[in-house]
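In what follows, a structure is listed as structure tokens, so that the remarks can point back to it.
Each value in this text was obtained by applying a stated rule to the coordinates, not by laboratory testing. The model shown is predicted, which means the values in this text are computed figures rather than measured ones. Here Cβ is always computed from backbone atoms with ideal geometry, including for glycine, and neighbour counts include all displayed protein chains.
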Amino acid sequence: MLNNKKGENKMFKPLKICEMIAKGIYKLSPARAKLRIGNEPIKISGSIRLTGRDKTGKLQFVKHLPNLITNAGFDLIADVLGLDAQPHITKMAIGDGVAGDATATALTNQTDIQDAVYAHTPGTKTFTLTATFSDVTGATEYGCLNVTPTLLNTAGFTAITVDSLEIVCTITLS
């Protein structure tokens with residue numbers, strides 16, 4: 001729904017709105033831009049859970065942190081929706097550098113990479129990627145990626161040294 005020149009709300013078809021934005025007839029600020037299916041807006045958010053254990057499997061810590069979906073990650077999500085060949089996210093990496101911002105395309109200093117296990121329960125709006133790293137020394141950044149490699153997301157944390165580090169990345173579509 002858009003306001004017309006008289007300030008009245010008017011309903012337009014989505015393709016008409018896109019055409020109006022492209023031609024500069026209607027200006028849309030990033031703050032107002034939302035993808036909608038029907039009347040439901042779509043938002044994407046992510047978080048990670050870091051679980052550290054010692055050699056005997058004894059729990060050392062559990063940390064919950066937000067993560068950042070990168071610009072390349074949003075492109076990757078769009079490709080998953082629009083391309084026939086799916087660019088699957090199959091890897092998770094850790095490093096000992098400073099986590100990047102939205103423009104990051106790789107970890108600052110990747111030190112280990114593992115296969116990530118994907119899980120999704122039909123009917124829910126979340127999926128997870130899980131990987132476990134052994135003999136972790138000074139890890140301060142993480143990211144999920146595909147084999148290209150395209151960095152989907154990243155997060156930074158205080159240095160972790162632990163025998164076993166399980167990272168569960170949860171992506172929520174809401």
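If the segment from Lys125 to Lys55 were pulled out straight at 0.36 nm per residue, it would be longer than the present Cα-Cα gap by 21.7 nm.
Close amide H pairs (under 5 Å, H built 1.01 Å from N) link Thr90 with Leu145, Asn146, Val147, residues at least 5 positions away or on another chain. Under the simplified labelling scheme, the Asn71-Val147 pair shows an inter-label distance of 2.8 nm, with each label point 7 Å from Cα along Cα→Cβ.
If we count every other residue with Cβ under 12 angstrom of Val168's Cβ, Lys/Arg +1 and Asp/Glu -1, where does the sum land? If you can, show how the numbers build up before the last one.
Details: positive: Arg49, Lys63; negative: Glu166.
Once positives and negatives cancel, what remains is +1.
Electrostatic bookkeeping for Thr111 treats Lys and Arg as +1 and Asp and Glu as -1; over the other residues with beta carbon under 14 Å from its beta carbon, the sum is -3. Within the shell of other residues whose beta carbon sits under 12 angstrom from the beta carbon of Leu65, the net charge comes to +1, with Lys and Arg scored +1 and Asp and Glu -1.
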